[in-house]
Amino acid sequence: MNSANESAAFWEKHYAGMDAQWGTKPNAVLTTLLADLAPIPRTALDLGCGHGGDALWLAAQGWDVTAVDVSQTALDRVVAGAAASGVTDRVHAQRHDLAETFPDGTYDLVTATYFHTPVSIAREHVLRRAAQAVAPGGLLIVIEHASTAPWSWQAGQDIRHPSPDDVIASLQLDDAWHVTRGDAPQRTATGPEGQTATVTDNVIAVRRTP
Ligand SMILES: C[S@@+](CC[C@H](N)C(=O)[O-])C[C@H]1O[C@@H](n2cnc3c(N)ncnc32)[C@H](O)[C@@H]1O
């Protein structure tokens with residue numbers, strides 16, 4: 001199986017067995033950040049959108065959102081969620097294996113929220129490609145796990161999570177960028193069975209100069 005088929009197979013199985021309501025709420029850090037950094041809705045690209053918690057919230061705020069995932073099941077649920085919320089014309093679902101193909105165009109906001117996968121892909125390359133998709137004046141926001149939740153597929157493994165500075169360095173940004181946020185706050189996370197744990201996230205926000 002090549003990595004493209006492997007990603008689709010893994011994530012299709014994941015979503016086929018998952019409650020369609022899981023992951024339909026927006027990321028709280030993202031919503032707070034945008035209130036400060038990008039209060040006027042424009043165009044957004046959500047990478048690895050899953051069930052669309054972020055994409056649907058963005059569309060409800062007026063953003064024109066391209067929602068990308070490797071799982072067609074997840075995308076179908078995003079499209080259904082958009083219809084149920086009356087934002088169909090502001091949500092554009094695109095299926096990509098981002099290790100292979102990337103949406104065309106540039107966007108005022110590019111987000112990657114917990115874009116993690118157990119499949120071996122060139123994730124840093126995808127995030128560098130994400131930065132290239134940011135329009136002048138626009139933002140790239142990466143929110144990712146910086147610790148392992150007890151219910152994660154990585155639980156029990158000896159994982160070294162990169163620091164926010166590692167992530168920013170890996171983006172290989174030039175002088176046309178300004179780092180707005182790069183820290184690792186803790187939060188209480190809720191797992192699929194309703195269990196809770198304190199976890200750490202990397203929160204990265206970088207802006208391309210206009
Ligand atoms: C941990 S989930 C996070 C989903 C969502 N962003 C959230 O915060 O709830 C990772 C998402 O990335 C998607 N994904 C993983 N590998 C991918 C790839 N190679 N190309 C596109 N999407 C991928 C998965 O299908 C999944 O929806």
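FYI, it's all coordinate maths here, none of it is from the lab. Since the structure is predicted, the reported quantities are computational estimates derived from the model, not experimental observations. Cβ coordinates were reconstructed from backbone atoms using ideal geometry, including for glycine residues, and neighbour counts include every protein chain displayed.
Shape verdict for segment 1-131, please, from the Cα gyration tensor: rounded (a/c under 1.5), prolate (a/b greater than b/c) or oblate.
oblate
What are the membrane-span-like helices in the chain by this rule: whole DSSP H runs, Cα extent along the axis at least 18 Å, mean Kyte-Doolittle hydropathy at least -1.0?
Qualifying helices, which must be both long enough and hydrophobic enough, are 3-16, 72-85.
For segment 19-77 and segment 136-182, what is the separation of their C-alpha centers, rounded to whole Å?
Measuring centre to centre over Cα atoms gives 18 Å.
Using +1 on the beta carbon of Lys and Arg, -1 on that of Asp and Glu, and nothing else charged, what's the dipole of segment 96-141 about the Cα centre, debye to 20? Before the final figure, lay out the partial values.
Numbers: 3 positive and 5 negative charges, 29 e Å.
With only Lys, Arg, Asp and Glu charged at Cβ, the dipole is about 140 debye.
Relative contact order (percent) for segment 1-79, with alpha-carbon contacts under 8 angstrom and 6 or more residues of separation?
34 percent
With charges set only on the Cβ (+1 for Lys and Arg, -1 for Asp and Glu), what does the dipole of segment 1-131 come to about its Cα centre, in debye to the nearest 20?
Roughly 120 debye for segment 1-131.
If I build a Gaussian network model for the chain, linking alpha-carbon pairs within less than 10 angstrom, which residue out of ALA197, ALA20, ALA60 has the largest mean-square fluctuation?
Top of the fluctuation ranking is ALA197.
Could you work out the local net charge near GLY138, counting Lys and Arg as +1, Asp and Glu as -1, over the other residues with Cβ closer than 11 Å to its Cβ?
+2
Using all Cα-Cα distances in segment 1-50, what percent lands in each 5 angstrom bin from 0 up to the longest?
All Cα pairs considered, the percentages come to 4, 14, 18, 20, 14, 12, 12, 5, 1.
Relative contact order for segment 80-210 using alpha-carbon pairs under 8 Å, separation at least 6, rounded to a whole percent?
26 percent
With the dipole of the chain worked out from charges on the C-beta (+1 for Lys and Arg, -1 for Asp and Glu) around the Cα centre, which of GLY48, VAL119, LEU37 lies farthest toward the positive end?
Ranked along the dipole, the leading option is LEU37.
So what is the relative contact order for segment 1-133, in percent, with contacts set as C-alpha pairs under 8 Å and at least six apart?
The normalised contact order for segment 1-133 reaches 27 percent.
Can you list residues from other chains, or at least 5 along the same chain, whose modelled amide H is less than 5 Å from the amide H of VAL65?
Correct list: ALA44, VAL91, HIS92.
How would you rank 188-195, 173-180, 110-117, highest first, on the average number of other Cβ atoms within 10 Å across their residues? Could the numbers behind the result be given before it?
Numbers: 188-195: 10.4, 173-180: 12.2, 110-117: 21.5.
Highest mean packing first, the order is 110-117, 173-180, 188-195.
Using only helices, what value at 222 nm comes out for the chain when you add -39,500 (n - 2.57) per DSSP H run of length 4 or more and divide by the total residues, to the nearest 500 deg cm²/dmol?
It lands at -9000 deg cm²/dmol.
If you take the alpha carbon radius of gyration of segment 55-127 and divide it by 2.2 N^0.38 Å, what ratio comes out, to two decimals?
This ratio for segment 55-127 stands at 1.13.
Using only the alpha carbons, work out the radius of gyration and Dmax of segment 80-210 in angstrom.
Radius of gyration, then largest Cα-Cα span, for segment 80-210: 16.2, 45 Å.
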